Amino acid sequence: MAQQPLSSSAQPTDIYGGDEVSALVLDPGYCSTRAGWAGEDIPKCILPSFYGHVSGDNPKDLFGDEYLIPRANLEVRNYMNRDSVVEDWDVAPRIWEHMLVKRLQPERPTPPEKNGLNDDPKQQVQDGEGDVAMEGVAAGETQEEQEKAMQENPLLVTEAPWNTPKAREKTVEIIMENWGCPAFWLSRTPVLSAFAAGKATALVIDVGGSNTCVTAVHDGMVLKRSIQRSPVGGLWLSSQLRSMFETSEPKVPLTPTFMVENKTPVDALAPAMVRLREFPFEISSSFRAYEEERVLTEFKESVVEVWRGPGRLSAPGNEDYVRTQPGRVFEMPDGYNQMWREQRYRASEGMFDETAGYPLPESQRLNKDQTIPQLIRAALEAVDVDLRPNLLGNVVVTGSASLLNGFNDRLNNELTNMYPGVKIKIHAAGLTSERRFGAWIGGSILSSLGTFHQMWISRKEYEENGAGIVEKRCK
């Protein structure tokens, strides 16, 4: 007798794969953490990786931007470190679960047999206990359901290419033991950014909030020797701006928005006329720094620009030329405003030329090897000579800090000078969301592919091999 085909309800046990995989994609970073459903074009839930910790008699952690407001005993912390690797393993699973369960999944309705609407009133009277018994059952039930809220969703998590084996195993244990996911996969961010640009082989330049990393990806695999990283990124640019405000004449005060009660418009370069808010409690330095960062982000988005070329900004005549061009006016939250001309180019010039830029403390200064052109050179020198032309023809630019005006033109000029005669093609998504969430989008594409079904590491495989399976499978 011919073998009966498996019914659609009985899935094969050796691989994980239903046709409709409602997979989730989680992309943790230092500045923000992104989560959403596979197959969608942008993450549904984006939360800052910074969270509020309220100390005192009743300590609690608050997740989400809407809770980061001035309040007593509030301290702003981050569960990641500057290298984009999880540091606080007590908080990380709670933030992730908050995003994946509370924010992404709708509240589950109580099943009809337990919602109390279909009960026979006569029986209730005889029961004596009435509704009390019902509530007890329902409460126990919802807790059980809550624990297994992700038992139907495989999960793809992104990680930095230098993530440690210990951290990878810890992530897997949380996914499988605490959340009961049916399957999981860990993928490195440069590979996913390349996939988001439609490339299997690419030189990925990821200029993020806390660092920049340049990685060669070949046939969907990270070439480990080529991984180069440096602290150049959004936060480094913020420290340049702080230095610029300190050294400018007159000095520019950085007052975060939450401190301004009211202000009067003033002329350019005139001192701010502002009344500041008084708080009946002390504002922590971490909260103030977090709020100042918001102002600096707005300044970066609307004023800072990268010198496109020719040559470097420090070349004779370039700064004089910029002074003759129209500048950009920016009004600080306290009303102070001024026109920024050559300063806005100088702030970002240090990304390409370590001798340029504003003075920084010794610990934050860059050396020549940490500038973006040198990172690219080091990454390419670490790979086979035959691969280099292919990589330079597929340069993928991603990360929020790459959205600075003029960044791609300057990068193109630098690469053309470094590698004359080689065809260089830069792929940088035009949509800001695609550049900001490159790795998440790559994960969304990958985990929604039918051919990826056989790649998921299933619960059965995990139970047979333990957490070590991730080192064997997720190369």
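The values are calculated or read from the model by the stated rules, or taken from the named source; none is laboratory data. Please read these numbers as outputs of a predicted model, since none were measured by experiment. Here the Cβ is made from the backbone with ideal geometry for all residues, glycine too, and neighbour counts use every protein chain on show. Quick note on the areas: whole protein, heavy atoms, side chains included, nothing else; ligands and nucleic acids left out. Shrake-Rupley method; radii C 1.70, N 1.55, O 1.52, S 1.80 Å.
Some values worked out for this structure:
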| quantity | calculated |
| --- | --- |
| Rounded to the nearest 20 debye, dipole of the chain from Cβ charges on Lys, Arg, Asp, Glu | 2140 |
| Residues of type lysines that K114 reaches as a straight line, Cα spacing below 25 Å, ignoring anything fewer than 8 places off in the same chain | K102, K122, K148 |
| Carbon plus sulfur fraction of accessible area for the chain, probe 1.4 Å, in percent | 49 |
| Relative contact order computed over region 371-475 (Cα-Cα under 8 Å; 6+ residues apart), in percent | 26 |
| Peptide ranges 322-332, 203-213, 390-400, 253-263 listed from the most packed, as the mean C-beta count within 10 angstrom indicates | 203-213, 390-400, 253-263, 322-332 |
| Furthest towards positive pole of dipole, W456, S444, G430, structure part region 379-458, Cβ charges | G430 |
| Percent of alpha-carbon pairs separated by more than 37 Å within the chain | 39 |
| Loop GluC sites (Glu not before Pro), region 274-311 (other Cβ atoms within 10 Å of the site Cβ: 14 or fewer; DSSP) | E278, E282 |
| Unit charges at the beta carbon, dipole of region 233-365: most positive-side option, V322, I283, N262 | V322 |
| The chain: angle of helix 131-147 to the longest principal axis, Cα-based, in degrees nearest 10 | 50 |
| Kirkwood Rh in Å, taken over region 233-365 so that all alpha-carbon pairs contribute | 16.0 |
| Sites S433 and K251, calculated FRET efficiency, Cβ-Cβ separation with R0 56 Å, nearest 0.05 | 0.95 |
| Karplus-derived 3J(HN,Hα), 6.51/-1.76/1.60, for each residue of region 225-233, Hz, glycine and proline x | 5, 8, 5, 10, 9, 7, x, 5, x |
| Summed side-chain charge close to W440 - residues other than W440 whose Cβ falls under 11 Å, Lys, Arg +1, Asp, Glu -1 | -1 |
| Taking region 233-365 and dividing mean pair separation by its residue count, relative contact order in percent (alpha carbons under 8 Å, at least six apart) | 32 |
| Estimated [θ] at 222 nm from DSSP helical runs (n ≥ 4, -39500 (n - 2.57)) normalised by residues in the chain, nearest 500 | -9000 deg cm²/dmol |
| Cβ-placed point charges (K, R +1; D, E -1), dipole of region 233-365 about Cα centre in debye, nearest 20 | 180 |
| Net charge of Cβ neighbours under 11 Å - reference M273; Lys, Arg +1; Asp, Glu -1 | 0 |
| Signed unit charges on C-beta, dipole axis of region 292-410, positive-most listed residue I376, G399, P361 | I376 |
| 0 to 90° range, to nearest 10: angle between helix 407-418 axis and the chain longest Cα axis | 70 |
| Cα long-axis angle, helix 234-247 against the chain (0 to 90 degrees, to the nearest 10) | 40 |
| Those lysines that a straight Cα-Cα span of less than 28 Å connects to K423, excepting residues fewer than 8 apart in one chain | K199, K224, K368 |
| Computed over the chain: relative contact order in percent, which uses C-alpha pairs under 8 Å that are six or more apart | 21 |
